[in-house]
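Peer 1: One structure, as structure tokens, below. Some questions next.
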Amino acid sequence: MKHSVLVVDDERSIRSSLNKALTAEGYEVETADTLAGGRAALEALRPDVVIFDLRLPDGSGLDLLSEVRQIDRGAQTILITAFGDVQAAVEAMKAGAGDFLKKPYELEELLHAVRSAVRNLERDTQLDGFRRRALARHHADQMVGRSSSMQEVARLVEKVSLSEATGVLITGESGTGKELVARAIHYQSARAAFPLMEVNCSSFQEGLLENELFGHERGAFTDARETKKGLVELCNQGTLFLDELGDMPLSTQAKLLRFIDQKTFKRVGGVQDIAVDLRIIAATNKRLDEAVADGFFREDLYYRLKVISIHLPPLRERGDDILALAQHFLVTFNRKFKKHFQCLSKETESILLSYSWPGNVRELKNVLERAVLLDDASALTPEMLPPELVRRPTPDHQLRSLAEVEEGHVLAVLESTGWNKSLAARILGISRQGLLDRLKRMKVEAGERGAI
């Protein structure tokens, strides 16, 4: 994609040199020498990046900055100022300017600023796409259930969403839908127009998690070639969802507690405090009170987050919600796989209700996806279910059934695609490398049975 740059400066030599250099870099360039000319070019071009001088013959560049913000809040701006106008440049940064350079500047310095602006633009565009997809996913995965326990969860979600609470703790067994509750709180709140950023605390080593959350300054460590904003900064005014909170390292817990208390943080290697406003939703399937007693979780952080707590019941305690969820997944996967199931047979309903569901809603979803993918009929019957459900497993077997169901589901999708791993990964909603890693754990040869 070819990005566009507008240069507004009254010095002909500057306009000419920047036009030549930016065009050579592959940008579409427009120039103007006055505030009025800049306004006209701004309306006509709708540029991705605007470079403007603070002092223009017919007004201030700050007026142009205001119009850029009104026309396209996503456009990146770079202010050029003389040495004596540094205070005005600071005011411009407060008003929304992305960067500023003092005259005289090196051409490479300005080109680097433009490259950084374009990267910021692409990142913001990507975040907008993430938000749209996340919102669509939220609407598709609404919490389903009329049991009294889930009605209480829904009541709490509504109250928390409309409140000013900035910390929430969601607890429950694996697979109960904690991430759905986090999304429901975000998208029903006044923060819905801003980012929801999700991070799994168990997926990062200690130093990497801190970097992911708080970002780093250029030169903070060997490979830190430029400043990186962390998730805390990127979701300003939105919601940060910390999944698997119980796996967060103690050192990162200390920094998280400081941030919650002070609403400010420092990037790794930084000295400046950065203030943001966001809601933190944390989730865990662990007993944090036991982790506190064992010294693996900070007591002060636990009680700080526990002020507002939502507990999700296991599926086995939700009664007829099991059938409501099964019907919901039946409709969902009918649409996804272009199948025509209309109902569950009475025998299937009985089996689903009698099973203990150690993997909770996630396991039920996997079972329905597998059944709809592999068969096509008007009713879903017992022979379409995995064997471990139909043969009424023993308690020891139930403890293993989630892993078995997931492995069976992966293999079923591979069989249905003729072992085309790229296609199977898309159906499963994971990366191709993620599928290969899972096959390795399952001791299935990555190259087995053909297509890559």
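Peer 1: Checking Ala192 against (1) closer than 16 Å to Val361 by Cα; (2) surrounded by fewer than 19 Cβ atoms within 10 Å (Cβ to Cβ): exactly one of these is not met. Which one?
Peer 2: The failed condition is (1).
Peer 1: Continuing with the same structure: Do you know which of the residues in the range 24-44 that are within 35 Å of the chain's Cα centre (by Cα) and without any contact (Cβ under 8 Å) to a residue 40 or more places away in the chain is most open to solvent (accessible area, probe 1.4 Å)?
Peer 2: This residue is Glu43.
Peer 1: Would you point out which residue out of Glu210, Glu226, Glu233 is out of contact with any Leu (no Cβ under 8 Å at 6 or more places or on another chain), open to solvent by less than 60 Å² (accessible area, probe 1.4 Å), more than 30 Å from Glu290 (Cβ to Cβ) and in contact (Cβ under 8 Å) with a residue 12 or more places away in the chain?
Peer 2: Glu233
Peer 1: For the range 315-391, list the helices (runs of 4 or more DSSP H) that sit wholly inside it and hold at least 1 residues that are at pLDDT 95 or above; which are they?
Peer 2: Because the criterion is at least 1 residues that are at pLDDT 95 or above, the helices (runs of 4 or more DSSP H) in the range 315-391 that meet it are 321-337, 346-354, 360-374.
Peer 1: List the number of the failed condition for Pro47; all other conditions in (1) assigned to a loop (DSSP other than H, G, I, E, B); (2) more than 40 Å from the chain's Cα centre (by Cα); (3) buried (at least 18 other Cβ atoms within 10 Å of the Cβ); (4) not polar (S, T, N, Q) hold.
Peer 2: (2)
Peer 1: Looking at Thr264 and the list (1) open to solvent by 20 Å² or more (accessible area, probe 1.4 Å); (2) closer than 12 Å to Leu213 by Cβ; (3) among the hydroxyl-bearing types (Ser, Thr, Tyr), which single condition is not satisfied?
Peer 2: (2)
Peer 1: Being outside any helix (DSSP H, G or I) and either under 15 Å from Val49 (Cβ atoms) or among the basic types (Lys, Arg) (or both) is the filter here, so list the residues in the range 97-123 that pass it.
Peer 2: Ala97, Gly98, Asp99, Phe100, Leu101, Lys102, Lys103
Peer 1: If only one of Phe83, Phe100 is open to solvent by 30 Å² or more (accessible area, probe 1.4 Å), at pLDDT below 85, among the aromatic types (Phe, Trp, Tyr) and under 20 Å from Val118 (Cβ atoms), which one is it?
Peer 2: Of Phe83, Phe100, the one residue that is open to solvent by 30 Å² or more (accessible area, probe 1.4 Å), at pLDDT below 85, among the aromatic types (Phe, Trp, Tyr) and under 20 Å from Val118 (Cβ atoms) is Phe100.
Peer 1: Can you spot a residue in the range 153-163 that is among the small types (Gly, Ala, Ser), within 22 Å of Leu213 (Cβ to Cβ) and either more than 15 Å from the chain's Cα centre (by Cα) or open to solvent by less than 20 Å² (accessible area, probe 1.4 Å) (or both)?
Peer 2: The answer is no, given that none of the residues of the range 153-163 is among the small types (Gly, Ala, Ser), within 22 Å of Leu213 (Cβ to Cβ) and either more than 15 Å from the chain's Cα centre (by Cα) or open to solvent by less than 20 Å² (accessible area, probe 1.4 Å) (or both).
The values are calculated or read from the model by the stated rules, or taken from the named source; none is laboratory data. Only a predicted model underlies this, so the values are computations on that prediction, with no experimental measurement involved. All Cβ positions, even for glycine, are placed from backbone atoms using ideal geometry, and neighbour counts span all protein chains on display. Calculation scope for accessible area: heavy atoms of the full protein, side chains included, ligands and nucleic acids excluded. Shrake-Rupley method; radii C 1.70, N 1.55, O 1.52, S 1.80 Å.
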